[in-house]
Structures are given as C-alpha cells and as structure tokens.
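Taking it in order: structure first as structure tokens, then the write-up.
The values are calculated or read from the model by the stated rules, or taken from the named source; none is laboratory data. The structure displayed is predicted, hence computed values, not measured ones. A quick note on method: Cβ atoms are made from the backbone with ideal geometry, for glycine too, and the neighbour counts reach across all protein chains shown. Surface areas here come from the heavy atoms of the whole protein model, side chains and all, with no ligands, DNA or RNA. Shrake-Rupley method; radii C 1.70, N 1.55, O 1.52, S 1.80 Å.
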Amino acid sequence: MKNIAIFASGSGSNAENIFNYFADKEDVKIALILTNNKNAFVIERAKNLNVPLVVFNRYDFYDSNHVMDKLKSFNINFIVLAGFLWLIPNNLIDGYKKRIVNIHPALLPKYGGKGMYGMKVHEAVKEAKETETGITIHYVNHKYDEGEIIFQAKVNVEAQDSAEDIASKIHLLEYEHFPRIIESII
C-alpha cells in the first residue's frame with residue numbers, strides 16, 4: 001500500500017479529484033491532507049472525504065519537525081503538491097527525494113517561479129499573447145518550479161480567451177492528467 005499526502009493552500013479541487021481517482025484503488029490511498037491556510041476550502045473537502053487533515057503554520061513547516069513527524073506517523077510514501085504555495089523545506093526534499101511532485105498551470109520553464117501561481121499565471125499568458133499554454137507536472141527540488149519535468153500537456157489559447165477562459169482550460173488538463181501521472185510514477 002502506498003500512502004499519499006496532499007499539500008494544498010486553496011480550494012482543494014485538485015486534491016478532491018486525486019482522492020476520487022484513487023478511491024477504488026487497492027494499492028494507493030490518500031492518507032493525509034495538509035494545508036498552511038487555516039481558511040482554505042480544502043479543509044472542508046478533507047472533512048467531507050473523511051481524510052485526516054493537518055493545518056500547520058510557518059514555524060511548524062520551516063523551523064520544527066512537526067510536518068515531517070506527521071508524515072512519518074501516517075507512513076507517507078509520496079507527497080503531492082496541489083496548489084500549495086510555499087517552498088518545500090530541505091528536510092522534506094531530502095526525506096522524500098523524487099517522491100514529491102507538483103503541478104504548475106503553465107508550460108515550464110515559462111511562467112514559473114516565486115509568485116507565479118493561479119490567475120497570475122493565466123493573466124501573464126494572456127498578456128504575452130501566447131497561442132498555447134498548458135500544465136507541467138514535475139518533481140520538487142529546492143527552487144520554485146525548477147524540478148525535473150515529468151509530463152506536460154498543451155492547450156490552445158485563442159485571441160479572444162480571457163484569463164478566466166485560460167484557467168478553465170488548464171483545470172480540465174489538471175483533472176484529466178494529474179491523477180494518472182501520479183499513479184504512473186508511484
């Protein structure tokens with residue numbers, strides 16, 4: 001049995017999609033959801049899905065072993081970042097080498113790095129008049145959005161598309177590909 005922990009900072013729609021994908025799998029379990037945002041909607045999703053939840057603060061994450069200890073207590077084998085906005089600390093990177101993946105709402109290396117998330121990415125894509133964008137699933141390393149790329153999927157951007165239209169297209173790609181790619185690498 002592989003136990004997955006999902007880190008999310010926002011609504012948790014990708015976390016729920018991943019949970020639903022693995023719900024009937026006998027060899028993989030979403031064992032824990034963690035968030036750094038005490039007001040995130042992912043908390044409600046975790047409750048509704050009956051998945052244990054850990055809410056943590058900056059000290060817990062960067063200056064103590066609180067988060068690592070929680071991961072160990074749930075026998076976590078693999079970590080998925082699904083809309084998680086903080087840089088992962090060294091103790092987690094070192095403890096879960098090539099076992100932490102992230103999804104980014106653009107075709108890296110474009111539109112990546114600190115502060116590039118969610119609508120900020122889609123607005124930048126629109127402003128640059130890109131004709132395509134997509135998603136990148138990558139391993140997590142010590143820098144934002146610079147880990148080894150595992151998978152990319154593209155979608156066309158039409159001249160009349162708003163940033164919201166682009167976001168909708170990206171969400172469809174995320175929901176379609178992220179759970180499948182997670183399954184293929186674990």
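For the stretch 125-186, which GluC sites (Glu not before Pro) are in a loop by DSSP, counting at most 15 other Cβ atoms within 10 Å? Present the calculation step by step, with values, prior to reporting the outcome.
Values: sites: E127, E130, E132, E146, E148, E158, E164, E174, E176, E183; in loops: E130, E146, E148, E158.
In loop regions of the stretch 125-186 (DSSP not H, G, I, E or B), the sparsely surrounded GluC sites (Glu not before Pro) are E146, E148, E158.
With every protein chain present, what is the per residue accessible area of the stretch 1-110 (1.4 Å probe, Å²)? If you can, show how the numbers build up before the last one.
Numbers: 5250 Å² over 110 residues.
Computed with neighbouring chains in place, this is 48 Å² per residue.
Return the sequence-ordered ³J(HN,Hα) values of the stretch 155-164 in whole Hz as given by the Karplus equation 6.51 cos²θ - 1.76 cosθ + 1.60 applied to θ = phi - 60°, using x for Gly and Pro.
With coefficients 6.51, -1.76 and 1.60, one gets 9, 6, 10, 8, 4, 7, 5, 8, 4, 5 Hz.
Restricting to DSSP loop positions (anything but H, G, I, E, B) with no more than 13 other Cβ atoms inside 10 Å of their own Cβ, which trypsin sites (Lys or Arg not before Pro) remain in the stretch 1-55? It would help to have the intermediate numbers written out before the result.
On the way: sites: K2, K25, K29, K38, R45, K47; in loops: K25, K38.
Answer by residue number: K25, K38.
If you average the alpha carbon positions of the stretch 117-131 and of the stretch 1-60, how far apart do those two centres end up, in angstrom?
27
Loop-only chymotrypsin sites (Phe, Trp or Tyr not before Pro) in the stretch 1-70, please: DSSP not H, G, I, E or B, and at most 11 other Cβ atoms within 10 Å.
Details: sites: F7, F19, Y21, F22, F41, F56, Y59, F61, Y62; in loops: F41, F56.
Sparse-neighbourhood loop chymotrypsin sites (Phe, Trp or Tyr not before Pro): none present.
Considering only L32, M116, G83, whose Cα is most displaced toward the positive end of the charge dipole of the stretch 1-121, charges sitting on Cβ of Lys, Arg (+1) and Asp, Glu (-1)?
M116
Compute the helix-to-body angle for 118-127: its Cα long axis versus the longest principal axis of the chain, expressed 0 to 90° and rounded to tens.
So the helix axis and the longest Cα principal axis differ by about 20 degrees.
Charges only on Cβ, +1 for Lys and Arg, -1 for Asp and Glu: so what's the dipole of the stretch 1-103 about the Cα centre, in debye to the nearest 20?
Values: 12 positive and 9 negative charges, 20 e Å.
That gives a dipole near 100 debye.
For helix 13-22, report the angle its Cα long axis makes with the longest principal axis of the Cα atoms of the chain; keep it between 0 and 90° and round to the nearest 10°.
60
If you place +1 on the Cβ of every Lys and Arg and -1 on the Cβ of every Asp and Glu, how big does the dipole about the Cα centre of the stretch 129-186 come out, in debye to the nearest 20? Please list the in-between numbers first.
Working: 5 positive and 12 negative charges, 30 e Å.
Computed about the Cα centre, the dipole is about 140 debye.
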